[in-house]
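Below is one structure, written out as structure tokens; comments come after it.
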Amino acid sequence: MSPVEDRLASFQRIGLAELNQRAALMTRKDNKYLLTGAQVLGFLGQVGDRFDALDIGGKTAFSYHSAYFDSDSLHCFRDHNQNRRKRLKVRYRHYEDTQQFFMEVKLKGNGGETSKLRRAITPAHFESHELPAELDQYLKSVAKNHHQRELSDRYRQTLQVRYQRTTLIAQASPERVTLDNQLHFAQSHREIALSGSLWVVEVKSPKGVSATDRVLKDLGARPASLCSKYCVGLSLTSPAQRSSRFTPTLKKIAALG
């Protein structure tokens with residue numbers, strides 16, 4: 001048992017249905033942090049009386065596999081790199097422990113809020129490197145309805161991301177914290193695995209500022225505003241994308257690893 005798993009043993013457990021009932025948060029504001037294992041242990045030691053841990057089949061760490069899609073011009077990456085207030089990302093996600101497959105579209109709004117829309121897909125869809133016509137049309141309708149944006153390009157797979165995730169759910173408020181570890185990024189020509197000592201911690205809440213953020217601040221952590229897994233992964237695996245607003249995040253990842 002790892003030190004983090006040992007610390008989580010004292011947390012109360014809840015199932016997936018209760019998580020979705022208490023804190024689905026399909027529209028929310030997020031703060032991300034880059035932490036060391038020691039900081040994660042310190043954080044868990046301070047919030048165990050306020051959070052429950054998601055438990056599926058006796059496990060608290062779950063395998064995620066995402067395949068991101070973008071246009072030939074990489075507009076999803078470039079919109080984030082240029083700090084456009086309205087932007088989107090599109091991915092397939094395989095929740096390996098529950099064997100669920102979804103297409104997910106994440107939309108960032110003018111107020112900094114994040115909305116996530118998703119629809120179930122098949123394992124065969126997940127293996128495809130281009131969006132089939134019906135999912136391409138779904139993406140374009142989402143962009144038009146939510147951002148009043150016409151998308152004309154076809155989308156192809158640009159990056160795969162794997163990691164382990166532990167999810168905490170607040171007992172008294174609609175708030176979630178995810179702790180991601182063992183991140184692995186892959187393109188057809190290059191793969192990069194980040195250090196196991198690096199954790200990406202994300203606080204998800206309706207307003208974006210919570211007591212949890214204050215706990216992390218007291219531990220010496222500061223929000224990492226440019227910490228998109230897609231943009232960081234693409235920057236790491238594609239030399240042409242390395243000179244970007246994500247460079248400070250890449251340097252911090254290297255320092256923590």
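Odds and ends about this structure:
- As a length-normalised measure over Cα pairs under 8 Å and 6 or more apart, the relative contact order of region 3-69 settles at 56 percent.
- A simple packing score, the average count of other Cβ atoms within 10 Å per residue, orders the peptides 77-83, 63-69, 111-117 as 63-69, 77-83, 111-117, with the highest score first.
- Over all other residues within a Cβ to Cβ distance under 15 Å of Asp72, the charged ones net out to -2, with Lys and Arg as +1 and Asp and Glu as -1.
- Per-residue accessible area (protein heavy atoms, 1.4 Å probe) orders Tyr95, Tyr230 as Tyr95, Tyr230, starting from the largest.
- Its Cα centre serving as origin, region 132-236 has a Cβ charge dipole (Lys and Arg +1, Asp and Glu -1) of approximately 100 debye.
- Vicinal HN-Hα couplings computed from phi for region 162-167 (Karplus, 6.51 cos²θ - 1.76 cosθ + 1.60; Hz; Gly/Pro x): 10, 6, 9, 10, 10, 10
- Per residue accessible area in Å² of the chain, where ligands, DNA and RNA are left out and the probe is 1.4 Å: 46
- Per-atom-type breakdown for region 102-216 gives carbon and sulfur 49% of the accessible area (1.4 Å probe, protein chains only).
- Using C-alpha pairs below 8 Å separated by at least 6 residues, the relative contact order for the chain is 25 percent.
- Pairwise centroid distance, computed over Cα atoms, of region 180-199 with region 17-93, Å: 16
- Within the accessible area of region 1-58 (1.4 Å probe), percent carbon and sulfur: 49
- Contact order for region 1-119, expressed relative to its length and based on alpha carbon pairs under 8 Å spaced 6+ residues apart, stands at 25 percent.
- Subset of Lys29/Lys252; Lys59/Lys251; Lys59/Lys140; Lys140/Lys217; Lys144/Lys217; Lys29/Lys140 violating a 29 Å alpha-carbon distance limit: Lys59/Lys251; Lys59/Lys140; Lys140/Lys217; Lys144/Lys217
The values are calculated or read from the model by the stated rules, or taken from the named source; none is laboratory data. The structure displayed is predicted, hence computed values, not measured ones. A quick note on method: Cβ atoms are made from the backbone with ideal geometry, for glycine too, and the neighbour counts reach across all protein chains shown. Surface accessibility is based on the protein's heavy atoms, side chains included, excluding ligands, DNA and RNA. Shrake-Rupley method; radii C 1.70, N 1.55, O 1.52, S 1.80 Å.
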